[in-house]
Amino acid sequence: MKKSLEKRFSYLYTGEIFAAILFIFLSYYFNSTNPQFHLYSLCSFWFSFILLELFLFQGAYYWHVKWKRLRTENKVKTPFKIVRKFKLFKTLNKGLLIVPIFGFVVDYIKWNNLLPISGLLISVFIYIFAILEYINYFCFQLSYDNRMDIEYLRKNKRLKKSSISKDLENLK
């Protein structure tokens, strides 16, 4: 059981780090091969992209702590000081979720009639992805990629609370 859980935590934290790093390279490649989108010139892109990256790295950090604790101390429970840190993250993240909206307003004002709609749509997609990552980490689990998760979903007919959300409930 421990090995299985260790493997799962490792998969989760390395997957989040891999995604965050891959998105950096993909955005650079996409921007350099599609200059007509003006992606790197859009405030909305940068605010949304940085927000998404921040959430991915927070997720990687959370799962790495869980993995390391299980591996070294043979404990699954998240340390109190880490849960308090994630309570702070959750509060800060709620405020940061609003920032990209200002980026869209700035882009609208800056570009006026020349607004690159395709680049703006990509920024909207990234912003929605960031919102979904926030929900996945701090509210409800949105990713169901193993048999136990799917069985839970089928049996209970509702989404599971996220691991961070459960930890934050235990903090109270």
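Only the coordinates and a few stated rules stand behind these numbers; no lab work does. None of the values given here were measured: they were computed from a predicted structure. No Cβ is skipped: glycine too gets one built from the backbone with ideal geometry, and neighbour counts run over all protein chains shown.
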Listed by chain and number, the residues whose amide H is under 5 Å from that of Lys161, excluding neighbours fewer than 5 places away on the same chain and using placed H, are Gln141
Two pseudo-spin positions, 7 Å from Cα along C-beta at Ile117 and at Leu5, lie apart in nanometres by 5.2
Only helices counted: for the chain, with every DSSP H run of 4 or more residues adding -39500 (n - 2.57) and the sum spread over all residues, [θ] at 222 nm is -26500 deg cm²/dmol
The helix 99-111 Cα axis meets the longest alpha-carbon principal axis of the chain at an angle in degrees, between 0 and 90 and rounded to 10, of 10
Subtracting the Cα-Cα distance of Val76 and Leu26 from 0.36 nm times their residue separation yields 14.6 nm
Volume per residue (Å³) of the convex hull spanned by the alpha carbons of the chain is 130
Largest fluctuation, Leu97, Leu88, Leu132 only, Gaussian network model of the chain with Cα springs under 10 angstrom, belongs to Leu88
With +1 at each Lys and Arg Cβ and -1 at each Asp and Glu Cβ, the charge dipole magnitude of the chain around its Cα centre, to the nearest 20 debye, comes out at 1280
